[in-house]
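The values are calculated or read from the model by the stated rules, or taken from the named source; none is laboratory data. No experiment lies behind these values; they were computed from the predicted model shown. Heads up, the Cβs are rebuilt from the backbone with ideal geometry, glycines too, and the neighbour counts pull from every protein chain shown.
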Amino acid sequence: MDILVWLIPISLFLGGIGLVGFIWTVKTDQYDDPEGASQRILSDQWDDKPKP
């Protein structure tokens, strides 16, 4: 039972670090256009060296 005294605060601390990291990535626009790159790679419109 004494182990819960250690495990609960550690898990809350690690969860808080994950939450802060997620909020930071949202604020710095890391998820701005998650599907754009996957669609552009299939399109010839964005091809730097198109086939003749």
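Considering (1) of a type outside the set (Phe, Trp, Tyr); (2) modelled with pLDDT of 75 or more; (3) surrounded by 10 or more Cβ atoms within 10 Å (Cβ to Cβ); (4) not in a loop (DSSP other than H, G, I, E, B), say which one GLN39 fails and leave the rest.
(2)
What are the pairs with Cβ atoms under 6 angstrom where one residue, in region 10-22, is without any contact (Cβ under 8 Å) to a residue 60 or more places away in the chain and the other, located anywhere, is loosely packed, with under 10 Cβ neighbours inside 10 Å and in a helix (DSSP H, G or I)? Sequence gap at least six, or different chains.
Listed pairs, sorted by first residue: none to list.
Would you check which residues across region 2-18 are at pLDDT below 95 and under 20 Å from the mean Cα position of the chain (by Cα) and list them?
none
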